[in-house]
Amino acid sequence: MRDIKIQVNDLSLYYGEKKALKEISMQIPANKVTALIGPSGCGKSTFLRCINRMNDLIPSVKITGELLVEGIDIYDKNVDVVNIRKKIGMVFQKSNPFPKSIYENIAYGPRINGIKDKTQLDEIVETSLRQAAIWDELKDRLGDSALGLSGGQQQRLCIARTLAVSPDIILMDEPASALDPISTSKIEELVHELKEQYTIIIVTHNMQQAARTSDHTAFFYMGELIEMGKTNTIFTKPEKKQTEDYITGRFG
Amino acid sequence: MNSPHPNKQTFTKESLKKQFRLSEFLAEKVISSVAFLSIAVIFLIFIFVFKESLPLFGFNDKAKANTEIQTTTGAAIETYGSETSTADSEPETYGAPAESLEPETYGSPTEDLNPVVEETAAAEPETYGTVTEDLNPDSASEDVVAIDEKVTGNKEGADKTWSTFFSTEWVPVSDNPRFGLIALFIGTLKVTIIAMLIAGPLAILAAVYTSCFASNRRKEIIKPIIEMLAAFPSVVIGFFAMMVLATFFQDIFGYDSRLNAFIGGVAMALAAIPIIYTISEDALSSVPKTYTEASLALGASKAQTAFSVILPAATPGIFAALLLGVGRVFGETMIALMATGNAALLSANPFESVRTFAATIGSEMAETVFGETHYSVLFFIGSLLFIFSFILNAVAEFYVKGRLIKKFQGK
């Protein structure tokens with residue numbers, strides 16, 4: 001594993017008294033897709049939200065350990081959480097476009113970063129939508145409400161919105177779990193294309209999806225990282241019994 | 001095991017037969033009748049209030065005919081508001097004889113008016129000479145129809161019976177009474193605008209703070225405290241405004257009349273803040289958390305998220321909150337009575353005393369003669385308030401619904 005983007009050292013997370021993540025240590029390579037799999041409640045989403053500090057929003061959460069992104073501990077006191085999130089984008093399980101027009105949804109991110117020039121915004125909107133492979137569908141209706149789109153389009157719009165702020169890392173929390181198979185495959189293709197430029201971490205319940213899209217896979221169980229390795233290896237010759245059981249569908 | 005389900009049988013036509021459930025039927029009927037009763041009560045109140053002001057309308061047609069004849073001869077006599085239809089059918093004509101176009105003769109009744117004016121019981125010396133100057137420019141600009149006292153572009157040119165309503169002065173008790181609703185309306189508007197300019201931003205910012213910035217603990221403390229302000233009787237707020245605020249602001253601004261529209265506005269803002277705050281806070285808090293997350297995940301700061309995502313998404317609710325606040329201020333009586341100075345002056349100066357619609361009813365209703373024009377006019381004002389708040393609520397309702405559908409379900 002060369003080109004380490006994210007280095008996690010003994011990361012633990014507590015919801016009040018409950019320890020939800022137990023001494024996670026892992027390395028996430030750059031410009032690859034890393035899938036996090038595991039049964040519900042195993043802490044994979046929680047871990048994902050640690051990476052861009054979304055867990056800060058929950059008052060009772062306490063985090064120990066280190067999470068280094070390109071060598072910088074993002075939980076350091078001197079690190080600004082807003083700047084982290086600009087570099088580490090996130091796509092949520094449920095598509096959540098703003099109640100604004102399609103154009104405004106994409107332009108929101110650049111705008112808060114101080115881009116006011118209309119032509120520049122137009123350009124960003126177009127490139128982001130093209131990158132998210134949704135430009136052709138939406139180019140004639142940029143002024144329409146984003147909430148009028150189908151679920152799959154909304155989710156790709158959300159991806160485009162994330163791309164518009166040009167992050168380094170994109171976190172995806174089960175981005176296709178609420179979508180039909182066609183939309184899902186579109187999202188998966190998209191993930192495949194995006195990994196050229198971005199480091200992508202994707203949480204999924206769908207084993208085939210993990211196998212199809214990811215280069216590396218991490219298996220979480222009960223707040224612990226059980227096993228991590230190349231997706232091929234994990235799915236064909238897992239080292240741990242638990243991983244094998246889960247992947248073959250014996251539990252979870 | 002079948003005891004809890006005595007009707008549990010095989011799936012036959014018999015077991016599926018329609019049943020009459022008496023208690024359910026009764027409960028449903030009682031609840032629905034209570035609901036309809038409340039609607040009926042509202043309508044009955046309105047009908048009663050409106051009915052009392054009906055004499056103003058009853059004489060309408062005849063008066064119109066009257067005045068049209070008069071205008072051809074050049075004497076625009078405002079006949080108005082009376083009881084041809086009711087028992088004491090004595091047509092009352094007031095206001096504005098033709099001579100009132102000349103500055104000095106305002107209010108002096110002509111001979112033909114004299115016998116019909118019937119306000120002797122409540123007659124008062126007239127001390128309103130100054131107002132003629134106000135009227136003069138307006139009336140001079142009018143054409144042959146010569147409607148004096150048309151301050152604003154009153155569309156119903158034919159409807160001269162009502163034109164004292166559009167006069168600038170409120171002199172209900174006099175030989176020549178004038179019911180200038182304009183002065184009252186402007187007064188009400190002034191107080192409402194001042195109150196909303198103060199209460200709106202304060203309440204909305206407080207709501208934004210508690211819903212987007214404050215920690216849960218602070219929110220739990222702040223919210224009930226602001227809402228407690230709603231529990232203050234308005235007489236207490238009025239008293240506070242009259243005794244404390246008036247002096248305080250007079251020291252700062254140094255205006256002449258101690259009780260004025262501004263003080264009234266400040267006091268009413270105190271009454272409106274909890275309403276606007278509570279509803280805006282609910283609106284802001286009910287914006288889905290996913291929007292907040294999405295915005296934060298894009299690298300927006302808390303303030304950016306609050307003002308460019310949450311606030312716009314909550315606009316319909318905040319709009320409704322503001323309208324309800326306007327309704328509260330518009331109808332507020334006790335604070336208006338105590339803190340606005342109660343002088344029906346027509347001016348744009350916020351530091352002049354004013355009189356509002358509600359305060360007029362509150363202060364004069366007890367002293368009018370039953371069935372008299374003044375009495376009818378007060379009820380007419382009541383109907384106006386009623387209609388106004390009805391429209392306001394309707395607008396709030398439909399605007400909110402329309403916007404919500406447009407915003408949250410897409411086009």
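Any idea of the total accessible area buried by the B-A contact, 1.4 Å probe, rounded to 100 Å²?
For B against A, buried area totals roughly 2000 Å².
Local charge sum around A:I72 (other residues, Cβ-Cβ under 11 Å, Lys/Arg +1, Asp/Glu -1)?
The answer is -3.
Hey, quick one: spin label on B:D282, modelled 7 Å out along Cα-Cβ, who in segment B:198-233 has an amide N within reach, i.e. under 14 Å?
It comes to B:227, nothing else.
Rank A:I24, A:I106, A:I182 by mean-square fluctuation in a GNM of chain A with C-alpha springs under 10 angstrom and give only the top-ranked residue.
Among A:I24, A:I106, A:I182, the largest mean-square fluctuation in the Gaussian network model of chain A belongs to A:I182.
Could you compute Rg(Cα) / (2.2 N^0.38 Å) for segment B:181-408, with N its residue count?
Dividing the Cα radius of gyration by 2.2 N^0.38 Å gives 1.14.
May I ask which of A:K94/A:K116; A:K5/A:K116; A:K19/A:K77; A:K18/A:K195; A:K94/A:K118; A:K22/B:K302 have a Cα-Cα span longer than 25 Å here?
Cα-Cα > 25 Å for A:K94/A:K116; A:K5/A:K116; A:K18/A:K195; A:K94/A:K118; A:K22/B:K302; rest within.
Hey, which of these cross-link pairs are over 26 Å Cα-Cα: B:K190/B:K219; A:K44/A:K240; A:K87/B:K219; A:K62/A:K186?
Those over the limit are B:K190/B:K219; A:K87/B:K219; A:K62/A:K186.
Does any residue of segment B:286-311 lose at least 30 Å² of accessible area with all protein chains in place compared with its chain alone, and if so which ones (probe 1.4 Å)?
Residues shielded by partner chains are B:T290, B:Y291, B:E293, B:A294, B:L296, B:A297, B:L298, B:G299, B:Q304, B:S308, B:V309.
Grab the other residues whose beta carbon is less than 11 angstrom from that of A:Q154, score K and R as +1, D and E as -1, and report the net.
+3
At a Förster radius of 51 Å, what calculated FRET efficiency corresponds to the Cβ-Cβ distance of B:F386 and B:S301, to the nearest 0.05?
0.65
How far is it, in nm, from the label point at B:F50 to the one at A:E66 when both lie 7 Å from their Cα along the line to the Cβ?
For B:F50 paired with A:E66, the spin-label model returns 7.8 nm.
Over the Cα atoms of chain A, compute the convex hull volume and normalise it per residue, giving Å³.
126 Å³
By how many nm would the segment from A:D3 to A:I182 lengthen if fully extended, with 0.36 nm per residue of separation less the alpha-carbon distance?
Gain on stretching A:D3 to A:I182: 61.1 nm.
Report relative contact order for chain A in percent, whole number only (criteria: Cα-Cα under 8 Å, sequence separation at least 6).
For chain A, the relative contact order is 28 percent.
Could you compute how fast segment B:9-54 diffuses translationally, taking Rh as the Kirkwood radius over C-alpha pairs and applying Stokes-Einstein at 25 °C with viscosity 0.890 mPa s? Give it in µm² per second.
175 µm²/s
Go through segment A:96-112 and flag every residue whose accessible area shrinks by 30 Å² or more with all protein chains in place compared to the isolated chain (probe 1.4 Å).
Buried on complex formation: A:N96, A:F98, A:P99, A:K100, A:Y108, A:I112.
At 7 Å along the Cα-to-beta-carbon direction for both A:K77 and B:E367, put a label point, then send me their distance in nm to one decimal.
So the label points at A:K77 and B:E367 sit 7.0 nm apart.
The values are calculated or read from the model by the stated rules, or taken from the named source; none is laboratory data. The shown structure was predicted, so the numbers you read here are calculated from the model rather than taken from an experiment. So basically every Cβ, Gly included, is an ideal-geometry build from the backbone, and we count neighbours across all protein chains shown. Side chains included, ligands, DNA and RNA excluded: accessible areas come from the protein's heavy atoms. Shrake-Rupley method; radii C 1.70, N 1.55, O 1.52, S 1.80 Å.
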